[in-house]
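Remarks on the structure that follows.
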Amino acid sequence: MSDVPENSAKNPSSNPQHPQAGGGGEVASGTHPPRRMRADAIKNRARILEAGRIEVELGGTECSLDNIAKRAGVGSGTLYRHFPTREDLVGELLLTWVADVQADADATTVRRWGDVLDWLVRLVDHARLYRGLASTMAATEGDESSPLRAAYAAVVDANGQVFARARQEGSIVGPVDSGEVIRLVTGVAMSAEQAHLARAQVRSMLAIVLHGLTPQLPNR
C-alpha cells in the first residue's frame, strides 16, 4: 500500500519556500496553530495508529518506528509529521488503555482488604499489556513535558479514587499516597515482566506491598 499524498496545489505549505512548509502539507502533531487535517492526512494518521497498535502488541513500546511506517504503507516523513516522537505515538495508543484502567477503577468494590489487593493485581495486569509499558510509564513520572505524562497522571488518579473508597469503607486505615502506590506497583510490574512471574507470584509480592502500606484489619 502506497503512502497517501498529503500535499495539494491549493495548500501553500506544500511549497518548500513557504514558512509553514515541512516537506508535507500539514502541521506536525503538538505544534501550533492547529488546523483541520485534510482527508488524506486523516487516512494516513488512522493507518499509522492501527499499524502502531499491532507493532506495539508484537514488539512492545520500544518497537521500531520504521516497521510501523512500513506496516502503515507510509513514508517515515509522514509518520514523523503526525508523531514527532515515539512517546507521541505511544501516548495516542494509550488513550484506550487509560480508559480501560479508569473503567476498572470505577467498577471496583473495596469492602475488604483483599479487594484492594485484587485491584493492585489488576493494575499490574494492565501494566503488562504491552512489553516495556511499565518502564516506559515509570520514566515519565519526572518529565512534565512527556506526551505520556497525562496517561501516568490518569492512572495515579484512578488508583487514588480506589484507595479513597477503600478508606471510606474501612477496608484500609490511614491515608495512602496514590503516587507512592503506583511507583511500587510499577516496580512489581517491571520485575514480573523481566522474570516472567506467574500471576500468583505477583499477588504475593503485592500483598507484601499492601501490608507495608496499610495493615490488614481483622475480619477484612
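With the convex hull of its Cα atoms as the shape, segment 87-213 has an orientation-averaged projected area of 7.1 nm². Hey, with R₀ at 25 Å, roughly what FRET efficiency would ASN67 and HIS196 work out to, going by the Cβ-Cβ distance, to 0.05? After rounding to 0.05, the efficiency reads 0.55. Put a dot 7 Å past the Cα of LEU58, heading toward its Cβ, do the same for ASP177, and the two dots end up 4.2 nm apart. The Cα center of segment 129-152 and the Cα center of segment 50-74 differ in position by 18 Å.
A full extension of the chain between LEU95 and ILE208 corresponds to an added length of 37.6 nm, given 0.36 nm per residue minus the alpha carbon distance.
Every read-out reported here was derived from the displayed coordinates using simple, explicitly stated rules and does not represent laboratory data. None of the values given here were measured: they were computed from a predicted structure. Cβ atoms come from the backbone with ideal geometry, glycine included; neighbour counts cover every protein chain shown.
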